[in-house]
Amino acid sequence: MKIYYWSPFFTNIATIKAVIRSAEALVKFSKEDKYNVSLIDAIGEWDEYKNTINKKISIIKLSKIKIINHLPKNSFIKSRLSYMIIFFWSFFKLKKLVNNNKPDFLLIHLMTSLPIFLSLFLNRNTKIILRISGLPKVNFIRYFFWKIFSKRIFKVTCPTKSTYDYILKKKIFKKEKMEILSDPIIDLKEYRFKKNEKIDFKELENKKYIVGIGRLTKQKNFELMINFFKKISNTHPHLNLVIIGEGENKTKLEKLSISLGVENRIYFLGYQKNVFKYLARAECFILTSLWEDPGFVLAEAALTGIPIISSECPNGPKEIIQNNGFLFRNNDLDDLLIRFREFLNANKKDIFKNKVILKKRIRKFTLLEHYKKLNQIIDFETS
């Protein structure tokens, strides 16, 4: 059975990991090579990963020309422009590929508008599985667009119940078309291997630090984290802040740390392939996002067992943490400070209890659990 993934990207985002692991789960756990899995490469985005992806997964290039390095980035407007370029660059190429190769399923993770629109011109035997995450603004245009093409979509998957309920209330897709499919965030084998690696920055080896991880964008709200750190810097002179990630707001955040006089205690480490080794040595993990779904790094932090302080933002954190961490009101500095003090005063038994419960709760994010559900969705149609 042919399974194609469509997920064009031009910056490092968590969805890359989700797509790779979803594809790897299909080839790893299926019997007798049941699935023939391919990633569609639109702009050269998969070149960097081709040597690390399971050899059973093929990469199908839409073009020999690699344009990913020439796309405008580093701002919201430039990102929108890049998506438009990808749309027109890939339109006829994707149509030709799907109609000629006739995959059984086309799984759409990113840039959903192109394959949905193309569904009018695609082979009718190819079933489309659309992933919707976060709380997308369903304005008139998007509602009208999704509603028109809803008949061509076989299934809509949502990574959390929050998103599932939100989309269901919009009455765009019929309930029988919708499924909750948790992202395959956790690879237990990879975690056991990576958590004990030495950190690359020797300056941090003997220092205490709290850690924040994510793209340096408006969504992740690192401004709040830096302002929070400024507030606690005098009362906790031996504590440092480590920020892992890249993004258009990096320069802005560096300038903010300088203006607040804490630049010597904040470490911007950029993108790191292995976040576990930094999480495992941190005093706690802090998530300041304005929204998530579900928050990949939140599940990764829970796996390491370190205490978690998270914003109670829409989609994800509350569903994962519940009462087993420290949730503060979304974008509320004062409440973050209160939860941090609660963390400092918490007894070790409660911290350990939270650690055990969270590790059990995030099992649904393992590759095996993802495979079971996705296989069930596909098998339902083919059985």
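The values are calculated or read from the model by the stated rules, or taken from the named source; none is laboratory data. Note that the coordinates shown come from a computational prediction; the quantities given were computed from them, not determined experimentally. Glycine gets a Cβ as well: all are built from the backbone with ideal geometry, and neighbour counts include every protein chain shown.
So the values come out like this:
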quantity: Residue in the stretch 82-102 that is in a loop (DSSP other than H, G, I, E, B) and of a type in the set (Val, Ile, Thr) present; calculated: no
quantity: Test set (1) in contact (Cβ under 8 Å) with a residue 24 or more places away in the chain; (2) in contact with a strand residue (DSSP E or B) (Cβ under 6 Å, 6 or more places away or on another chain) - residue 59 fails condition number; calculated: (1)
quantity: Qualifying residue in the stretch 315-332 (condition: assigned to a loop (DSSP other than H, G, I, E, B), surrounded by 20 or more Cβ atoms within 10 Å (Cβ to Cβ) and either in contact (Cβ under 8 Å) with a residue 40 or more places away in the chain or outside the structural domain of residue 215 (by TED's automatic domain parsing) (or both)); calculated: yes
quantity: Unmet requirement for residue 215, which otherwise passes all of (1) farther than 24 Å from residue 130 by Cα; (2) out of contact with any Lys or Arg (no Cβ under 6 Å at 6 or more places or on another chain); (3) not in a helix (DSSP H, G or I); calculated: (1)
quantity: Of all residues making up the stretch 312-340, the number that are farther than 20 Å from residue 357 by Cβ and of a type outside the set (A, V, I, L, M, F, W, C); calculated: 8
quantity: Restricting the stretch 111-154 to residues that are under 18 Å from residue 100 (Cα atoms) and charged (D, E, K, R), the residue that is surrounded by the most Cβ atoms within 10 Å (Cβ to Cβ); calculated: 127
quantity: Matching option when the condition is of a type in the set (Val, Ile, Thr), touching a helix residue (DSSP H, G or I) at 6+ places or on another chain (Cβ under 9 Å), more than 21 Å from residue 184 (Cα to Cα) and without any contact (Cβ under 8 Å) to a residue 60 or more places away in the chain, among 210, 226; calculated: 226
quantity: Subset tally (residues that are part of a loop (DSSP other than H, G, I, E, B), more than 22 Å from residue 191 (Cβ to Cβ) and of a type outside the set (Gly, Ala, Ser)) for the stretch 244-274; calculated: 5
quantity: Residue within the stretch 299-308 that is in contact with a helix residue (DSSP H, G or I) (Cβ under 9 Å, 6 or more places away or on another chain), surrounded by fewer than 16 Cβ atoms within 10 Å (Cβ to Cβ) and in the same structural domain as residue 212 (by TED's automatic domain parsing) present; calculated: no
quantity: Leading residue by the ranking (nearest to residue 342 (Cα to Cα)) among those in the stretch 275-306 that are charged (D, E, K, R) and in a helix (DSSP H, G or I); calculated: 300
quantity: In the stretch 333-360, residue modelled with the lowest pLDDT [restricted to those that are among the basic types (Lys, Arg) and surrounded by 16 or more Cβ atoms within 10 Å (Cβ to Cβ)]; calculated: 355
